[in-house]
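The structure under discussion appears below in the form of structure tokens.
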Amino acid sequence: MSLSELEPGKCAIVESILGGKYLRQKLVNLGMIPGSEVRVIRANKMGPMVLDVQGSQIMIGQGMAKRINVKQK
Amino acid sequence: MSNKNNITLAFTGNPNCGKSSLFNALTGAKQQIGNWPGVTVERVEGQYKYKEQNYNIVDLPGIYSLSPSSEDEKVSRDYVLSRKADLVVNILDSSNLARNMYLTAQLIEMKVPVVVVLNMMDLAESNGLQIDIEHLSAHLKCPVIGVSATNQNDVPRLKDFLDVNTSQLPTSPTILKYPNEIENLVNKWMVSLENKARELSIDSRWMTLRLIEEDQWITSIVTDAEILNKDEITTELKHIKQILNETADMVIADYVYGAVNGINREVVKRIKKVKPISDIVDSVVMHPILGVPIFFAVMMLVFFVTIEIGNYFVDWFDTLAGIVFVDGLGSLLTAVGAPEIVSFFIADGIGAGIQMVISFIPFVSFMFLMLSLLEDSGYMARAAFVMDKFMGLLGLPGKAFVPMIVGFGCTVPAILATRTLDNKRDRMITIFMVPMMSCGARLPVYALFAAAFFPTKTGLIVFSLYMVGILVAVLSGFLVKVTMFRGEPSHLIMELPRYHVPRAKHILLHTWARVLDFIRRAGQVIIIAVFIMSIFSSLSFGDGFNPDNVTESILAAAGRFATPLFSSIGISNDNWPATVGLFTGFFAKESVVGTLNAIYSQLGNIGIDSASSAGLSVLKSYFSPAAAYAYLLFILLYMPCVAAVSAAMKEISVSFGLLQALYLTVVAWIVSTLFYQLVEGHDPIYIGIALGLAALIIAIFTMIGKSLPKDELTA
């Protein structure tokens with residue numbers, strides 16, 4: 001499933017990232033690499049998602065969240 | 001290296017790791033703020049003295065990694081590689097060690113002398129974390145110290161730690177291991193890269209790994225020097241991708257994270273779980289419904305302080321600068337016997353230019369102050385969150401809303417406010433839209449005309465102008481998005497910083513540096529433009545230099561000459577002062593009123609003093625109501641004042657500033673012509689020309705868009 005479908009409070013493991021080098025680089029910088037765990041803190045269809053990634057809060061737009069495949073835990 | 005008189009330390013670390021607080025604690029007020037050459041990245045340097053030794057700290061921009069995908073990262077990496085710093089001081093946020101250590105691992109791989117400072121130990125502790133510093137130091141094979149900027153004793157401890165390590169300059173012997181396929185390739189390529197690496201004085205293993213990651217800079221070095229050819233590199237990397245089922249750069253990132261996560265598990269213990277206070281604040285501020293009114297309240301505050309309080313000081317600055325640089329300078333020159341023409345051009349030309357620059361200082365200062373407050377407190381990221389969906393329709397990040405709001409006050413600080421946006425494409429689109437947010441200087445013109453022509457509907461008329469401005473701005477933003485600045489819209493992904501109390505000294509120092517930068521950059525252009533305009537308004541073809549006879553000046557002649565261009569918006573040939581008003585509006589939009597006043601009264605009519613009803617009737621004899629509204633539409637949309645144009649030129653490029661001014665003027669003509677012709681003129685030829693021009697703009701923008709390199713914009 002894509003990250004954008006994940007509901008608040010749920011945890012998931014990042015499986016793959018569909019996107020160019022620039023986009024992937026930004027995700028890598030913030031610790032979102034395949035195999036890393038994310039937890040959804042805030043999400044609604046009106047705006048970006050807020051995730052907990054390795055203890056820091058990451059804000060990510062819906063468009064980008066759609067391009068990240070995750071496996072719900 | 002303790003015999004050296006000056007030791008240079010490079011501070012590097014993730015954004016929000018408390019790096020600048022630590023920097024401030026060490027250097028005090030002894031710091032210089034400027035820009036790195038060629039980019040808009042801020043360069044901060046500071047000094048301190050310890051045990052008879054001078055230390056110079058270069059505070060590099062906050063970054064997450066050294067893979068140069070942003071200007072900040074590129075500047076940092078180039079600086080570390082240049083070896084201009086004796087020691088790299090890597091500052092880590094203790095409460096988020098794993099992610100922060102990713103950068104540490106990259107620094108260690110560069111084989112430059114590095115020490116690690118664990119900052120915000122107090123915060124980590126209150127978050128329920130316990131860190132074994134000695135153990136961490138053993139793992140990284142690099143000196144580590146733990147500090148909290150709030151603890152006074154930690155500053156001398158840190159100074160001592162840096163003193164010890166600058167005499168040893170430790171380079172960590174740690175080597176990160178990658179899967180065999182990558183290691184084999186490293187072994188294969190490293191030998192041939194050895195010489196080049198030595199020549200550039202960079203580590204050869206590091207260089208080889210970056211080649212495998214397809215780093216642009218390293219790849220071009222290797223292929224330009226014909227060490228390896230492009231095909232050879234691509235074939236090998238394709239091969240790796242086939243075996244590992246993932247691109248090499250991701251595999252490397254994965255292994256680096258694997259290594260740092262392993263260390264993190266061993267040295268960090270979570271004693272208890274704490275819910276941070278910022279989570280509670282965020283549940284209100286980032287609430288899908290509550291967040292919006294909070295955002296607008298904050299924006300109102302920014303607007304109020306920048307414009308209203310700024311305005312209060314503008315009069316002071318303007319009057320004082322006028323007394324000194326225009327009247328004072330003029331009297332002085334007359335007193336020393338300078339000819340009138342010389343004293344006029346120096347005082348009313350250059351002096352008036354300086355006066356104009358000075359009068360912008362309050363707006364610009366308050367705007368930078370408010371922006372720093374928004375950024376430093378952590379609210380800016382939340383504002384980006386709240387407005388993301390809405391601004392996303394224009395392909396802009398939520399943060400782009402802030403300059404738009406500031407634009408209703410003054411276009412100049414609004415253009416400068418786009419610096420908070422991350423990429424050049426976003427900045428260009430935003431700057432393109434900002435002048436259409438009707439600035440405060442245009443209001444007196446609207447008020448005067450509305451009172452004369454629509455006395456019962458003044459408010460509605462002024463409001464409609466603001467709305468037209470917003471509408472045209474949104475349409476223009478959309479137009480440039482689909483024509484000129486195509487390509488991937490910037491995706492929002494950023495760390496939400498923790499809230500903290502804004503640091504007064506930090507903010508004031510930075511505001512001051514940015515204001516100085518504005519004066520230096522935009523000041524020259526403004527002074528030159530004001531000087532040129534003063535020549536045109538005081539010289540006439542007939543009787544040479546005569547500053548009191550505006551009606552005969554070159555400016556007036558140009559106005560008469562250009563007036564037929566405006567017959568489409570209802571300005572008749574005998575109403576040429578209206579055209580001259582547009583010319584002087586280029587100085588400052590509010591001066592349109594003064595110009596009309598001066599010329600109409602010189603032409604023998606009574607001046608249009610807004611207070612007297614007799615004055616208002618003068619306007620009525622020159623404009624029909626529809627022509628008056630069309631004229632206001634033109635004033636709303638045509639090129640912004642010289643200060644705004646020069647700001648756009650300095651922020652993006654000269655050609656961008658000119659293109660924008662030209663675009664706005666043509667759009668102003670199109671909109672006001674369409675309005676006047678539909679309401680009163682009913683001339684199909686003008687309507688046709690207006691629509692044709694609109695089509696021409698779209699065609700030209702599409703052409704420019706095709707010629708622009710795509711990757712340059714998003715970087």
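Some values worked out for this structure:
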{"item": "All positions within region B:158-188 that are open to solvent by 70 Å² or more (accessible area, probe 1.4 Å) and closer than 30 Å to B:Leu9 by Cα", "result": "B:Gln168, B:Pro173, B:Ile175, B:Lys177"}
{"item": "Flag if B:Phe363 is within 14 Å of another protein chain (Cβ to nearest Cβ) and open to solvent by less than 60 Å² (accessible area, probe 1.4 Å)", "result": "no"}
{"item": "Residue list for region A:51-73, filter: more than 7 Å from chain B (Cβ to nearest Cβ), within 24 Å of B:Val260 (Cβ to Cβ) and outside any strand (DSSP E or B)", "result": "A:Lys73"}
{"item": "Breaking point among (1) surrounded by 15 or more Cβ atoms within 10 Å (Cβ to Cβ); (2) free of Cβ contacts under 8 Å to residues at least 12 places away in the same chain; (3) away from chain A (no Cβ under 13 Å), for B:Glu232", "result": "(1)"}
{"item": "Residue within region A:9-24 that is surrounded by fewer than 19 Cβ atoms within 10 Å (Cβ to Cβ), touching an Asp or Glu at 6+ places or on another chain (Cβ under 8 Å), outside any loop (DSSP other than H, G, I, E, B) and in contact (Cβ under 8 Å) with a residue 12 or more places away in the chain present", "result": "yes"}
{"item": "Helices (runs of 4 or more DSSP H) fully within region B:77-177 counting 1 or more residues that are of a type in the set (Gly, Ala, Ser) and within 14 Å of another protein chain (Cβ to nearest Cβ)", "result": "B:97-109, B:121-126"}
{"item": "Unmet requirement for B:Pro640, which otherwise passes all of (1) within 23 Å of B:Ile461 (Cα to Cα); (2) assigned to a helix (DSSP H, G or I)", "result": "(2)"}
{"item": "Identity of the residue in region B:534-555, among the aliphatic types (A, V, I, L, M) and part of a helix (DSSP H, G or I), that ends up farthest from B:Ala661 (Cα to Cα)", "result": "B:Val550"}
{"item": "Close pairs from region B:132-147: first touching a residue at least 60 places away in the same chain (Cβ under 8 Å), partner of a type in the set (Asp, Glu), Cβ under 9 Å, at least 6 apart", "result": "B:Asp132/B:Glu266; B:His135/B:Glu266; B:Leu136/B:Glu266; B:His139/B:Glu266; B:Val147/B:Asp154"}
{"item": "Residues that are outside any loop (DSSP other than H, G, I, E, B) and within 7 Å of chain B (Cβ to nearest Cβ), drawn from region A:28-39", "result": "A:Val28, A:Asn29"}
{"item": "Top-ranked residue of region B:262-280 - restricted to ones that are in a helix (DSSP H, G or I) and in contact with a helix residue (DSSP H, G or I) (Cβ under 9 Å, 6 or more places away or on another chain), ranked as most open to solvent (accessible area, probe 1.4 Å)", "result": "B:Arg265"}
{"item": "Residue within region B:201-211 that is more than 14 Å from every other protein chain (Cβ to nearest Cβ) and of a type in the set (Asp, Glu) present", "result": "yes"}
{"item": "Flag if B:Gly258 is within 14 Å of another protein chain (Cβ to nearest Cβ) and open to solvent by 30 Å² or more (accessible area, probe 1.4 Å)", "result": "yes"}
{"item": "Residue satisfying condition, being more than 14 Å from chain A (Cβ to nearest Cβ) and either in contact (Cβ under 8 Å) with a residue 40 or more places away in the chain or of a type in the set (Phe, Trp, Tyr) (or both), within set B:Gly353, B:Gly398, B:Gly337", "result": "B:Gly353"}
{"item": "Yes/no for B:Glu246 being in a loop (DSSP other than H, G, I, E, B), open to solvent by 30 Å² or more (accessible area, probe 1.4 Å) and of a type in the set (Asp, Glu)", "result": "yes"}
{"item": "Selected residue [of a type in the set (Gly, Ala, Ser), open to solvent by 20 Å² or more (accessible area, probe 1.4 Å), in a helix (DSSP H, G or I) and more than 30 Å from B:Glu651 (Cα to Cα)] from B:Ala562, B:Ala558, B:Ala578", "result": "B:Ala558"}
{"item": "Condition check for B:Leu496: within 14 Å of chain A (Cβ to nearest Cβ), touching a residue at least 40 places away in the same chain (Cβ under 8 Å) and of a type in the set (A, V, I, L, M)", "result": "yes"}
{"item": "Residues of region A:40-50 satisfying the condition of being more than 7 Å from every other protein chain (Cβ to nearest Cβ), part of a loop (DSSP other than H, G, I, E, B) and surrounded by 21 or more Cβ atoms within 10 Å (Cβ to Cβ)", "result": "A:Ala43"}
{"item": "Some residue of region B:384-395 being among the acidic types (Asp, Glu) and more than 14 Å from chain A (Cβ to nearest Cβ)", "result": "no"}
{"item": "Unmet criterion (only one of (1) outside any helix (DSSP H, G or I); (2) in the same structural domain as B:Glu52 (by TED's automatic domain parsing)) for B:Ile202", "result": "(2)"}
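The values are calculated or read from the model by the stated rules, or taken from the named source; none is laboratory data. Predicted, not measured: the structure shown is a model, and the values here were computed from it. Reconstructed Cβ throughout: ideal geometry from the backbone, glycine too, with neighbour counts over all protein chains shown. Surface areas here come from the heavy atoms of the whole protein model, side chains and all, with no ligands, DNA or RNA. Shrake-Rupley method; radii C 1.70, N 1.55, O 1.52, S 1.80 Å.
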